[in-house]
Structures are given as C-alpha cells and as structure tokens.
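Single-structure report; data block below.
Laboratory data are not the source of any read-out in this text; all were calculated from the coordinates shown. Everything numeric here is computed off the predicted structure, so don't read it as measured data. Neighbour counts are summed over all protein chains in view; Cβ atoms, including those assigned to glycine, are modelled from backbone coordinates with ideal geometry.
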Amino acid sequence: MINAGLMRGLVIAFAIIGYAILANYTNQSTHSATLGVLVALAPLILTGIIMTWHATRRGYLIATIIVTTSLAWLMWPMLELHYGWIYWLEHESLQWALLLTFARTLRQQRQPLCTQLATIVHGELTPLYARYTYQVTVAWTAFFALMIIISTSLFFLQPIAVWSIFANFIFMPLVAVMFIAEYAVRKIVRPELAQVNIMDAVRAFMQHSAHRH
C-alpha cells in the first residue's frame, strides 16, 4: 500500500502542477476571462475556507467572506479585464512572504532562519557552522529579492504570457535549483557539513512551529 504521507504529497504536487497549467492557459488565451478570474481567485477562496474552518469566531470571517464575495460580483467586469493583476499580486505576496521570513531573522539580536533550522536538528552549532548558516540565510534573502525584481520587471515590461511562464513554470524549479546549488557549494566549501539534510531541518522546524501553537 502507498504510504498516506506519500499519497498526500503526490495529491498536493499534482494539484500545484494542475493549477499552474490552468493558470498559464488563462494567461495565454484571449478568450478565457471568466475562467481566468475563477482560477485566479481560487487560492484566495481556498484560504478563506480553511481559515473559516479553523476559526474559533467564525462569524467575523463569514461576514468578511460575504462582503468580499459581493464586491467581487459587483466588480466582475473589471476583474475579467484585469485578472492578470490578481495572479501577479498573489505571486508577489508569496515571494515577499518568503523574503521577509528570511530577511527579518538577519536583524541584530535575531537568530538567522537557517541557523534556527540547523539548531533544531543538531542542537548547539559550532561557530563555523553558525557562520555558514548565516551566509545561507543571506543567500536565500538575496534570491527571493532577485525573484521579486525579475517577476515585477516581466509583468510590467513584457506581455502577461511571458510573465506567466516565469511565474508558473520557472519560479519553483529555480527554488529547487537554489537548494541543489546550496548543497553543492556546501559540499565543496564545507565538506564536513555535507551530510546535513536540509529537508530534515525543514520538517523539524515545521513540527517545532506546530508544537508552539
């Protein structure tokens, strides 16, 4: 039998890929305005449903959803003309969230995010390892800043079809390449740290965050 965790991961992966294909289709076609709005709003709708499901005071969220839905209905013709902006704002929000997640931990008196992950998995770090994880946090911060610049430039300077290819099919592979590049650099520059598995650290951090809540 297929492991439940693996099955869940496959379902999520196929959903993400399917959404990317559908979103790109609506951005490439000139006859899919209604579908474009619906697909663009889908992540927001799903987020609203999840928040309502887990909320202890659902009345406020339900009222917000009703008001938002009413506004969307009234503004539907405009949304059909400019649904590409919804895609872009969602994509930029994701990138900014990732950028700030790393960047805010680089402030004084804060522990860099990659240092936090490594500490959760391995306990107290050596000064050499701590310095390396600081540098990796800086690298991820710079990476997401670059992604924001590229995405914004493509959206405003190129047809939306070009931006859509980047947002739906290039951005996530670049994130994967960043993981691979970091491991390759670590293996060359800090071979004593090459056995560290970043995914173990991510899983530990997620579990740690879940226990805190």
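Among ILE21, ILE66, ILE86, the largest mean-square fluctuation in a Gaussian network model of the chain, built with springs joining Cα atoms closer than 10 Å, belongs to ILE66.
Sorted fewest first by neighbouring Cβ atoms within 10 angstrom, LEU154, LEU10 come out as LEU10, LEU154. In this simple spin-label approximation, ARG8 and ILE170 carry label points 7 Å from Cα along the Cα→Cβ vector, and these lie 3.4 nm apart. Each label was represented as a point 7 Å from its Cα along the Cα-to-Cβ direction; for LEU157 and LEU74 these points are 3.8 nm apart.
With the simple spin-label model, which puts each label point 7 Å out from Cα in the Cβ direction, the THR126 to ILE16 separation comes to 3.4 nm. Using just its DSSP H runs of length 4 or more, each adding -39500 (n - 2.57), the chain gives a mean residue ellipticity at 222 nm of -27000 deg cm²/dmol after division by all residues. Largest GNM mean-square fluctuation across SER151, SER70, SER93, computed for the chain with C-alpha springs under 10 Å, falls on SER70. A Gaussian network model of the chain, with springs between Cα atoms under 10 Å, assigns the largest mean-square fluctuation among GLY36, GLY84, GLY18 to GLY18. Reducing region 57-85 and region 133-150 to their Cα centroids gives an inter-centroid distance of 33 Å.
In plain terms, the residue of LEU174, LEU117, LEU41, LEU128 with the fewest other Cβ atoms within 10 Å comes first and the most crowded comes last, giving LEU128, LEU174, LEU41, LEU117. Would you be so kind as to identify all helices of the chain, as entire DSSP H runs, whose Cα atoms reach 18 Å or more along the helix's own axis and whose mean Kyte-Doolittle hydropathy is at least -0.5? Membrane-span-like by this rule: 4-28, 33-54, 58-74, 83-103, 127-157, 171-189, 198-212. Within region 1-110, the trypsin sites (Lys or Arg not before Pro) that combine a DSSP coil assignment with at most 12 other C-beta atoms in a 10 angstrom radius are ARG57, ARG107, ARG110. FRET efficiency for the LYS187 to VAL138 pair, using the beta carbon distance and R₀ = 22 Å, is estimated at 0.70.
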